[in-house]
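Undergrad: Below are the structure tokens for one structure; questions will follow.
The values are calculated or read from the model by the stated rules, or taken from the named source; none is laboratory data. Owing to the predicted nature of the structure, the values given are computational and were not obtained by experimental measurement. Please note: Cβ atoms are built from the backbone with ideal geometry, for glycine as well, and neighbour counts cover all protein chains shown. Note: accessible area is taken over every heavy atom of the protein model, side chains too, but ligands, DNA and RNA are not part of it. Shrake-Rupley method; radii C 1.70, N 1.55, O 1.52, S 1.80 Å.
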Amino acid sequence: MKEQKKYKWSKLDNASKIFPSTMNARDTKVFRLSCFLKDEVDKRILEEAIEPTLQSFPIYRSVLRRGVFWYYLEESDLMPMVEEEHLSLCAPLYLKESRDLLFRVLYYKNRISVEIFHALSDGAGAIWFFETLLFHYLTKRYADFFTEDFLTLLPKAAISQKMDDSFEKTYDKTSAVKGEKPSPKKRRKVYRFKGTKVEENRTKLIEGTMSTKRILALAHEYNTTMTIFLTSLYFYVILQERPQKMSHHEIVLQVPVNLRPFFASSTARNFFAAMNIVLEPKEMEWTLEDIIKTVELQFQREMSLPHIKEHVDHLMALEKNPLARLIPLPLKDLTLKIANAIKDRAITSSISNVGRISMHKEFRPFIEKFSVYVSARRPQIVLCSYEDQLVTSFTSPFHDTELQRLFFSFLTDKGIDVIISGNL
């Protein structure tokens, strides 16, 4: 009788636990990273690049399993198939009835894409994986150009560090118990987008590509950073788009924060927190300068190390509550869905800057740009940059594109050249 192979398993990190319970056909909890190359993709070479990449990131060989109390990751022998794009953007990856990998590798003409289920990793961790995949692809694709030992792939961390559950490692039970809870604040109604949704749960994508240097210069004219400027601009155009009858509603933007720099983490798994930036209604009309000031103050408060540490410890304390741990998984699923729906009603949209994507300078002749975007249950923005190309990706479940038009029109009126592209 053949002995059945035993596979290693690992529990989901704190941020990952919500995704399997709350994903659905509209909001698949899948995000995509794309690299646009100067030449068409060679499928065979892309397939060859996967194996060495997975050796550096073994967590990507995992499948998601259901336990009695929690979901967990289990290692597998599966290998991803390289496929030409044929599914809708950010199509579901996790299906309860099947045991599949939590990412897919796609190509179309000169574009390589990786789609990832959020329970596996966040944007910062996935970019690291994607950069490694592209390193192996480009050095194989242009082997005549990159002679032996011309380039080396520097391991930013050991495999054990990439596998870390950084939420668990940074958790301080004492801090979570003693931490002061903020006094409850009376909240107004929150403005939420409505409209006619795109058929078949498809996601509408509109991207604007522009000069990073020009956007930085414009942000400096307003004496602020690029992230704060674009977040403030998003508030500004939402105010213009918001119906007058909802002028008493506050606008809340959710902004993910990469926690790795705060805690010296090198994990390739999820390690982020989400802060809510609020724009409250007021008697006088908000100017962009006014918005920038209030956004800056909230960024400073929310991104201070003590505040972030308290927030992470609080989340971990909820996870480790003995009662919560003993609730069976089906009941947890229901509870998390309800809690997520309630929380969702308090958010207008989100904006995420995944930052600068770094590749060896020798790859510049072969790479045009990168983009990152997510499945959307509401309009939201993801920003990323490579060299002097800043790509602002709007995804939305709605047909209407007035919000996107206002955003990019403001920039073009300021002299910024914006190249618009989309999928519908």
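Undergrad: Among the residues of the range 21-42, is there at least one that is open to solvent by 50 Å² or more (accessible area, probe 1.4 Å) and farther than 28 Å from Glu207 by Cα?
TA: no
Undergrad: Taking only the range 194-226 into account, find how many residues are modelled with pLDDT of 95 or more and charged (D, E, K, R).
TA: So the answer is 4.
Undergrad: Scan (1) surrounded by 15 or more Cβ atoms within 10 Å (Cβ to Cβ); (2) at pLDDT 70 or above; (3) closer than 30 Å to Phe103 by Cβ for the single condition Ala157 breaks and write down its number.
TA: With respect to (1) surrounded by 15 or more Cβ atoms within 10 Å (Cβ to Cβ); (2) at pLDDT 70 or above; (3) closer than 30 Å to Phe103 by Cβ, Ala157 is out only on (2).
So that you can scan it fast, the table gives a plain yes or no per residue for (1) aliphatic (A, V, I, L, M); (2) touching a Phe, Trp or Tyr at 6+ places or on another chain (Cβ under 8 Å); (3) farther than 18 Å from Glu51 by Cβ; (4) open to solvent by less than 50 Å² (accessible area, probe 1.4 Å):
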| position | (1), (2), (3), (4) |
| --- | --- |
| Glu97 | no, no, yes, no |
| Arg104 | no, no, no, yes |
| Tyr107 | no, no, no, yes |
| Glu115 | no, yes, yes, yes |
| Ala124 | yes, yes, yes, yes |
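Undergrad: Out of the residues in the range 398-424 that are in contact with a strand residue (DSSP E or B) (Cβ under 9 Å, 6 or more places away or on another chain), at pLDDT 95 or above and assigned to a loop (DSSP other than H, G, I, E, B), which is most open to solvent (accessible area, probe 1.4 Å)?
TA: Once the filter is applied, the top-ranked residue is Asp417.
Undergrad: If you don't mind, another one. Could you please give the count of residues in the range 350-387 that are among the charged types (D, E, K, R), surrounded by fewer than 18 Cβ atoms within 10 Å (Cβ to Cβ) and either in a strand (DSSP E or B) or free of Cβ contacts under 8 Å to residues at least 24 places away in the same chain (or both)?
TA: 4
Undergrad: Which one is surrounded by the most Cβ atoms within 10 Å (Cβ to Cβ), of the residues in the range 217-237 that are among the aromatic types (Phe, Trp, Tyr) and assigned to a helix (DSSP H, G or I)? Please lay out each step first, then the result.
TA: Taking the range 217-237 first, the residues among the aromatic types (Phe, Trp, Tyr) are 222, 229, 234-236.
Applying the additional criterion that residues be assigned to a helix (DSSP H, G or I) yields 229, 234-236.
Working: Phe229: 23, Tyr234: 27, Phe235: 24, Tyr236: 20.
Among residues in the range 217-237 that are among the aromatic types (Phe, Trp, Tyr) and assigned to a helix (DSSP H, G or I), the one surrounded by the most Cβ atoms within 10 Å (Cβ to Cβ) is Tyr234.
Undergrad: Which fully enclosed helices (runs of 4 or more DSSP H) of the range 238-337 have 1 or more residues being farther than 21 Å from Ser21 by Cβ and either open to solvent by less than 70 Å² (accessible area, probe 1.4 Å) or polar (S, T, N, Q) (or both)? Outline the logic, then answer.
TA: Working: elements: 260-263, 288-302, 305-319, 322-326.
Fully inside the range 238-337 and qualifying: 260-263, 288-302, 305-319.
Undergrad: Any residue in the range 47-64 that is part of a strand (DSSP E or B), open to solvent by less than 50 Å² (accessible area, probe 1.4 Å), aliphatic (A, V, I, L, M) and free of Cβ contacts under 8 Å to residues at least 40 places away in the same chain? Quick ask: steps written out before the conclusion?
TA: The initial filter retains those residues of the range 47-64 that are part of a strand (DSSP E or B), namely 62-64.
Now drop any that are not open to solvent by less than 50 Å² (accessible area, probe 1.4 Å), which leaves 62-64.
Remaining after also requiring aliphatic (A, V, I, L, M): 63-64.
Applying the additional criterion that residues be free of Cβ contacts under 8 Å to residues at least 40 places away in the same chain yields 63.
Within the range 47-64, one or more residues are part of a strand (DSSP E or B), open to solvent by less than 50 Å² (accessible area, probe 1.4 Å), aliphatic (A, V, I, L, M) and free of Cβ contacts under 8 Å to residues at least 40 places away in the same chain.
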